[in-house]
Amino acid sequence: GEDVEQSLFLSVREGDSSVINCTYTDSSSTYLYWYKQEPGAGLQLLTYIFSNMDMKQDQRLTVLLNKKDKHLSLRIADTQTGDSAIYFCANLDNAGNMLTFGGGTRLMVKP
Amino acid sequence: DTEVTQTPKHLVMGMTNKKSLKCEQHMGHRAMYWYKQKAKKPPELMFVYSYEKLSINESVPSRFSPECPNSSLLNLHLHALQPEDSALYLCASSQKQGEQFFGPGTRLTVL
């Protein structure tokens with residue numbers, strides 16, 4: 001099946017920028033998403049990008065998409081301790097129903 | 001109302017019990033989903049109801065059965081579960097092709 005991969009862990013200091021990376025194999029992906037999950041909670045949609053875009057900025061979040069390399073990244077500027085969570089990237093299939101998730105990246109923000 | 005609600009928040013059941021998980025949304029979304037999430041893993045899709053049509057992940061055992069009484073409600077009926085079914089069960093909803101909004105989940109423990 002199609003794969004979405006992420007690194008497992010990222011640690012940054014408060015105030016620094018965080019960059020979480022994701023690679024995927026499905027070249028027919030229409031939308032790509034970033035979700036945040038705090039301990040014991042559901043998934044919170046952070047942002048998304050349409051596959052014909054290469055960048056999207058939303059306040060402290062910047063999404064970059066390199067469609068040729070099938071590489072997606074999420075940059076969080078001025079990272080805060082409240083940003084500590086697991087971040088999942090996901091792509092939406094061509095039919096518009098199936099989300100395939102990466103394994104999640106645990107972001108730890110040190111004061 | 002931009003929420004997906006799930007009840008109960010926590011459920012403990014024995015292997016001979018029958019129970020149901022409930023999910024509700026009032027965003028007018030016509031697709032609803034059940035996911036299973038084990039600790040430190042991404043969500044795995046179990047079922048999709050899209051315009052009242054059911055799609056099943058064929059690896060899901062028959063002891064899980066979904067029911068969609070109307071376009072706002074989605075239930076998951078549980079019968080004769082096993083301890084390995086203990087997990088966080090997440091419900092989500094979306095427009096036909098678009099971002100999925102997740103509920104907070106039901107933490108299920110099977111004894």
Study note, to complete from the structure: Of (1) at pLDDT 95 or above; (2) loosely packed, with under 15 Cβ neighbours inside 10 Å, A:Leu8 satisfies every one except (1)
Point to revise | Answer from A:Gln57, A:Gln44 - the residue that is more than 14 Å from chain B (Cβ to nearest Cβ), outside any loop (DSSP other than H, G, I, E, B) and either under 30 Å from B:Trp34 (Cα atoms) or among the polar types (S, T, N, Q) (or both) | key: A:Gln57
**Study point:** Of the criteria (1) modelled with pLDDT of 95 or more; (2) more than 13 Å from the chain's Cα centre (by Cα); (3) at the interface with another protein chain (Cβ under 8 Å from one of its Cβ atoms), which one B:Glu84 fails
**Key:** (3)
Point to revise | Residue check, B:Pro104 surrounded by 14 or more Cβ atoms within 10 Å (Cβ to Cβ), touching a residue at least 24 places away in the same chain (Cβ under 8 Å) and not in a strand (DSSP E or B) | key: yes
Exercise for review: Please go through region B:4-50 and pick out each residue that is acidic (Asp, Glu) and either in contact with a helix residue (DSSP H, G or I) (Cβ under 6 Å, 6 or more places away or on another chain) or free of Cβ contacts under 8 Å to residues at least 24 places away in the same chain (or both).
Suggested key: B:Glu44
Check your understanding: Across region A:76-90, what is the number of residues that are farther than 24 Å from B:Pro43 by Cβ and either touching a strand residue (DSSP E or B) at 6+ places or on another chain (Cβ under 6 Å) or assigned to a helix (DSSP H, G or I) (or both)?
Key -> 2
Point to revise | Positions within region A:11-41 being aliphatic (A, V, I, L, M) and either more than 17 Å from A:Phe101 (Cβ to Cβ) or not in a strand (DSSP E or B) (or both), in sequence order | key: A:Val12, A:Val19, A:Ala41
Review point. In region A:91-111, what residues are more than 7 Å from chain B (Cβ to nearest Cβ) and in a strand (DSSP E or B)?
Key: A:Asn91, A:Leu92, A:Thr100, A:Thr105, A:Arg106, A:Leu107, A:Met108, A:Val109, A:Lys110
Exercise for review: Might you let me know whether region A:88-97 holds any residue that is under 23 Å from A:Ala41 (Cβ atoms), in contact with a Gly (Cβ under 6 Å, 6 or more places away or on another chain), in contact (Cβ under 8 Å) with a residue 24 or more places away in the chain and not small (Gly, Ala, Ser)?
Suggested key: yes
Point to revise | Per-region count, region B:11-48, residues closer than 18 Å to B:Leu74 by Cα and more than 10 Å from chain A (Cβ to nearest Cβ) | key: 19
Check your understanding: When only residues in region A:40-51 that are touching a residue at least 12 places away in the same chain (Cβ under 8 Å) and over 11 Å from the mean Cα position of the chain (by Cα) count, which is surrounded by the fewest Cβ atoms within 10 Å (Cβ to Cβ)?
Key -> A:Phe50
Practice item. Look through A:Thr30, A:Thr25 and report the one residue that is at negative phi, at pLDDT below 95 and loosely packed, with under 14 Cβ neighbours inside 10 Å. Key: A:Thr25
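The values are calculated or read from the model by the stated rules, or taken from the named source; none is laboratory data. None of these values were measured; they are calculated from a predicted model. Ideal geometry is used to build each Cβ from the backbone, glycine not excepted, and the neighbour counts take in all protein chains shown.
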